[in-house]
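Working notes for the structure below.
The values are calculated or read from the model by the stated rules, or taken from the named source; none is laboratory data. Just so it is clear, the model here is predicted, and its values are computed rather than measured. Methodologically, a virtual Cβ is constructed for each residue, glycine included, from the backbone with ideal geometry; neighbour enumeration extends over all protein chains shown. The protein model used for the area step is the full one, side chains on, heavy atoms only, and it has no ligands, DNA or RNA in it. Shrake-Rupley method; radii C 1.70, N 1.55, O 1.52, S 1.80 Å.
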Amino acid sequence: VHIRLMVTRGLRSTPYQDPRVIITPATIVIAPEFKQADPKTAENTLSLYTVSVRRGRPDVQDPSLNTHSKLNCITACVQSINAGADEGLMLDPQGFVATCNSTHFFIVRAGEVWTSSGDYCLDGITRGKIIEICKANDIPVFEKNFPLAKVYSADESFTTGTFAGLAPVGSVDGRTIGSGKRGAMTKRLQGLYLDLIKSGTDR
């Protein structure tokens, strides 16, 4: 079950952003949804497109906050759709790889797992679990800045998210990543992630 919790300040007496015009208690919406991931998601590769819109600095829009103000992510999503890709890859203000418009992004190089510094993305639960899994299984993992050139020449790539878990990436900006198919490290981490879920639910 996927549960989304949304909270806003409440109803307003007039359509204005000033919070002093709020006339009711906070509006709380809980949207539960039962759905099952397509098993093919674990094997079928995604295509990503590097969008022009960036992840912003905290003094513009704090990217660590999961707010209703996600215009940049929506714009990134639309750009990737128009480019014929599955999702948009977003850079940070310095031009380093940050994250995708709705998932987190990883690459694999020479047996090492890389993801962004985390300065310009949400503190994703699945992202964090993959980092923990790597450390627990002696897989070198790094949260660091890296440019697109390192993505294009990576051995593997994958995304992480609440619903799909780990999804392999086959191409970025039309460039094939590795073999273009799910890599050995991605497959291994998928198995370790499923084991972690099973260990937490078999009670």
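For the stretch 59-157, the pair-distance distribution built from all alpha carbon pairs, in bins 10 Å wide starting at 0, is 15, 46, 32, 7, 0 percent. Projecting label points 7 angstrom from Cα along Cα→Cβ for Asp173 and Gln94 puts them 1.9 nm apart.
The spacing between the stretch 13-33 and the stretch 87-137, judged by their C-alpha centroids, is 33 Å. A Cβ-based charge dipole, computed about the Cα centre of the chain with Lys and Arg at +1 and Asp and Glu at -1, lands at about 240 debye. For the stretch 103-179, the orientation-averaged shadow of the C-alpha convex hull comes to 5.0 nm² (one quarter of the hull surface).
With helices as the sole contributors, the chain gives -7000 deg cm²/dmol at 222 nm; each DSSP H run of n ≥ 4 counts as -39500 (n - 2.57), and the sum is divided by every residue.
Go through (1) 1, 7, 13, 16, 15, 14, 11, 9, 6, 4, 2, 1, 0, 0; (2) 1, 7, 14, 18, 19, 15, 11, 7, 4, 3, 1, 0; (3) 1, 6, 10, 14, 15, 15, 14, 12, 9, 5, 1, 0 and flag the label whose value is the computed P(r) over Cα pairs in 5 Å bins from 0, in percent for this structure. Comparing each candidate, only (2) matches the computed number. Calculated accessible area for the stretch 88-157 comes out at 40 Å² per residue, all protein chains present (probe 1.4 Å; ligands, DNA, RNA ignored).
For Asp59 and Glu112, compute 0.36 nm times the residue count separating them, minus their Cα-Cα distance, and round to one decimal in nm.
15.8 nm
Could you compute the net charge surrounding Ile22? Neighbours are other residues with a C-beta less than 14 Å from the C-beta of Ile22; K and R count +1, D and E count -1.
Summing Lys and Arg as +1 and Asp and Glu as -1 gives +2.
Enclosing the Cα atoms of the stretch 1-101 in their convex hull gives a volume equal to 145 cubic angstrom per residue.
So, with a 1.4 angstrom probe, what is the percent of accessible area on the stretch 88-203 that is carbon and sulfur?
The nonpolar share, carbon plus sulfur, comes to 51 percent.
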